[in-house]
Each structure stands twice: as C-alpha cells, then as structure tokens.
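See below for the structure under consideration.
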C-alpha cells in the first residue's frame, strides 16, 4: 500500500508541475500536501484515502482523465477523486453550493478529505483575503453538520478523525476576523 501512496504522490507532482497556488506564491502541490498532512494529523493512516487526498484537485485543475487515474492508482482512489471533483457549470455559485452540500451524503472518505481541503483553503484565505475567509468557511456548514451526524460511521472508519476535524473547524472559526 505504500507503493500506492508513492505512485499517487509522484502523479500529483507531475500533474501539478508548473501550477501556482491561487492567491499565494507557492507551487500548487503544496495544497494537496497540506491536506494529506492534516489527515495524518487527524490519525488517518489509510493509504487509499491519503492517495485520493493528494490527487483531489487533479481532475479539476490538470489535463487528466479518470482512466489515467485508474491505470495509475486503481479504481478505489479514482472513485474517491471523482466524487471530489466539481464538474458543474463554472461560475455558478448555486450549482457549486449544491455540489458541496452533496458531499455530506457521499462516502466517509470523500467527506473527510473535503473537510480537510476546506479547512486548508480557509487558512489560506486568512492569509490572502481575511474578509472572505469566514464566508468561505460558512459555505461548508453542511460538511460540518454531515460529519457530526455521521460521527459513529466516521469513528468506525477513521477513529477520532471526525472529532479532530470538527475541533479544528471550531478553532478556525474562532480565529476569524
């Protein structure tokens, strides 16, 4: 399974090569690495979940297809990444919000990755656009509610990761301007 994670990391680095993080003068790969770091901090050691986390933005941001993923990292990782990929109309805030809300009903893997992603992005907004950070965090309220409502399922799957996630989101909320 370590090979799966190594393959996913190599693929993410290759696909994000030359991309820069929005609003920050950092390579784009720093964001998925931050998401993986946060998941590990929460106690997640599942290599399939970590592989999907490192690749979570690639279908949206890179020139790659699910078939390419499946060949490299298998159908489980591919399915999680696909469930984390917004493929609705660009610039349609209502459609994007409906998609975010739908993640609360998806797999516990998708839910915990998206929550880590949202927290990482919010922390970036605190650095680059503090006025928007709270709005961005609040757009994910349905995710926090889903983690709370599904805490038994998440605890069985990931131990205390759900509790850690909610605690971190609460701490982040308290740091908002």
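Since every read-out is calculated from the coordinates, none of them should be taken as a lab result. Remember, predicted model here, so these are calculated numbers, not experimental data. We place every Cβ from the backbone using ideal geometry, glycine too, and count neighbours over all the protein chains shown.
Things to note:
- Simple spin-label estimate for residue 152 and residue 139 in nanometres, 7 Å along Cα-Cβ: 3.4
- Segment residue 37-residue 123, length gained on full extension (0.36 nm per residue, minus Cα span): 29.6 nm
- The distance between label points at residue 17 and residue 71 comes to 1.6 nm (points 7 Å beyond Cα on the Cα→Cβ vector).
- Relative to the current alpha-carbon distance between residue 173 and residue 30, full extension at 0.36 nm per residue lengthens the span by 49.2 nm.
- Shape category assigned to segment 1-101 from the gyration tensor of Cα positions, a/c cut at 1.5: rounded
- Over the chain, dividing the summed -39,500 (n - 2.57) contributions of all DSSP H runs of at least 4 residues by the number of residues returns a 222 nm mean residue ellipticity of -22500 deg cm²/dmol.
- The value of relative contact order for the chain, using C-alpha pairs under 8 Å at least six residues apart, is 21 percent.
- Look at (1) 53, 34, 24; (2) 42, 38, 28; (3) 48, 40, 33: the one that is Cα extents along the principal axes in Å derived from this structure is (2).
- Likely footprinting exposure, 26, 126, 39, 15, fewest C-beta neighbours within 10 Å first: 26, 126, 15, 39
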